[in-house]
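Colleague: Below: one structure in C-alpha cells.
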Amino acid sequence: MKTNDWDPKLYLKFSDERTQPSIDLVNRIRFEKAPGNIIDLGCGPGNSTQILAEKWLNSRITGLDNSPGMIEKAKSDYPKQEWIIADAATFNSKKKYDLVFSNATIQWIPNHKRLLERLLDLVSENGVLAVQLPKFKDLAIWQAIDKVSKSKKWAKVTRGCDEMFTYEETGFYYDILSKRVPAVEMWETTYIHIMDSHPAILEWSRSTALRPYLNRLKSEVEKEEFESDLLCEIINKYPAQSNGKVLFPFKRLFFIAYK
C-alpha cells in the first residue's frame, strides 16, 4: 500500500456504521427488473459493493476506487468480483450502466455540477443514479477539526485542507437532476453512532476526514500533537453519557435519479 493511501483496515474498524447508509440507499432504489450492469464509484474495500451484490444476485457489478490499498483489500476479500483502479472524478466509459452507485465518495470531488452531469451520462436509458454523501461541514466534528487546524499553531501547514471537502445544498442537486431525469427522490438521515469513548470519534475521523490534515504533517510527533489538540475539542463538543458512551450524530444526504 502506498504512503498516504487509504487504510482499509482502519476504515473497516467501523464497518457496520459505514455500511448502513449503503443498505438504506440500496433498499430505496426501485427497478421494474434487476439491473444488468452496475458500477460502484468509490467502492473502498468493497463493503458497499456487497450490498449491491446481495440485492441483485445476477447483475454484473464493477467496483471502482482510486486507492490501490482499498482495491487490493476488495480483491482479497471478494476475488470473484470485478475491481478496477480508477478515479471517480475523471472516470468515463462508452459502456452505460443500469445503476451508477456512489456511497460517501463525491464529497472528495470538486465541481458537483460538472460531476453530476458526467455521472448521469454513464446511466443507461431507464437507469438510475444513486448517491449518498456525508454533510460533514454540518457536524460538530468538523467544527472541532476546523478550529484546531486554523489555530495559530497549525494554520500554516494545514491551509487549504478544508477546501478538499465539497457538497452543496439539497436544492442545488435537485435543480441539476430534475433537468435531466423525470423523477428524483431525496432525503436526509442523521445516524446516531454510539461510540465507546471520545478517542473512538478521533479514530473514526482518522481514516477519512482527518487524512488531508495528517498527510500535511511531517512527523509522527506532529501528528500525535495535532490529534491531542483535536481530542480536547472533541471532548468539548461531545458530552459523555452516564455510562461513559459518547453519542456521535452524523448527517447524510441521499438522492436517487430515475432516467
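Colleague: Please report I84, I176 as a ranked list, fewest other C-beta atoms within 10 angstrom at the top and most at the bottom.
Modeller: Ascending Cβ contact count within 10 Å gives the list I84, I176.
Colleague: Residues with amide H under 5 Å of A104's amide H, sequence separation 5 or more or different chain, H placed in the peptide plane at 1.01 Å from N; which?
Modeller: Q132, L133
Colleague: Can you tell me the convex hull volume per residue for the range 138-259, based on C-alpha atoms, in Å³ to the nearest whole number?
Modeller: Cα-based convex hull of the range 138-259, divided per residue, equals 124 Å³.
Colleague: Can you tell me the convex hull volume per residue for the range 8-258, based on C-alpha atoms, in Å³ to the nearest whole number?
Modeller: 132 Å³
Colleague: Further question on the same structure: Return the lysines within reach of K55: Cα separation strictly under 16 angstrom, same-chain partners fewer than 8 residues apart disregarded; answer none if there are no such residues.
Modeller: K33
Colleague: Just going by the charge dipole of the range 125-196, with Lys and Arg at +1 and Asp and Glu at -1 on Cβ, which of W187, A155, L133 is farthest out on the positive end?
Modeller: A155
Colleague: Work out from phi, with θ = phi - 60° and the Karplus expression 6.51 cos²θ - 1.76 cosθ + 1.60, the ³J(HN,Hα) of each residue of the range 46-51, listed in order in whole Hz, and give x for Gly and Pro.
Modeller: For the range 46-51, the Karplus curve yields x, 5, 6, 4, 5, 5 Hz.
Colleague: If you plug each phi of the range 221-235 into the Karplus form 6.51 cos²θ - 1.76 cosθ + 1.60 with θ = phi - 60°, what whole-Hz ³J(HN,Hα) values come out, in order, with x for Gly and Pro?
Modeller: Running phi through 6.51 cos²θ - 1.76 cosθ + 1.60 with θ = phi - 60° gives 4, 4, 4, 5, 5, 4, 5, 5, 5, 5, 4, 4, 5, 4, 4 Hz.
Colleague: Residues of the range 229-259 with backbone nitrogen within less than 14 Å of a virtual label 7 Å along the Cα-to-Cβ line of K147, please, listed as ranges.
Modeller: 229-239
Colleague: Residues with amide H under 5 Å of I109's amide H, sequence separation 5 or more or different chain, H placed in the peptide plane at 1.01 Å from N; which?
Modeller: T166
Just so you know, all these numbers are worked out from the coordinates, no wet-lab data involved. Given the structure is predicted, the values throughout are model-derived calculations rather than measurements. Virtual Cβ from ideal backbone geometry, glycine too; neighbours counted across all protein chains shown.
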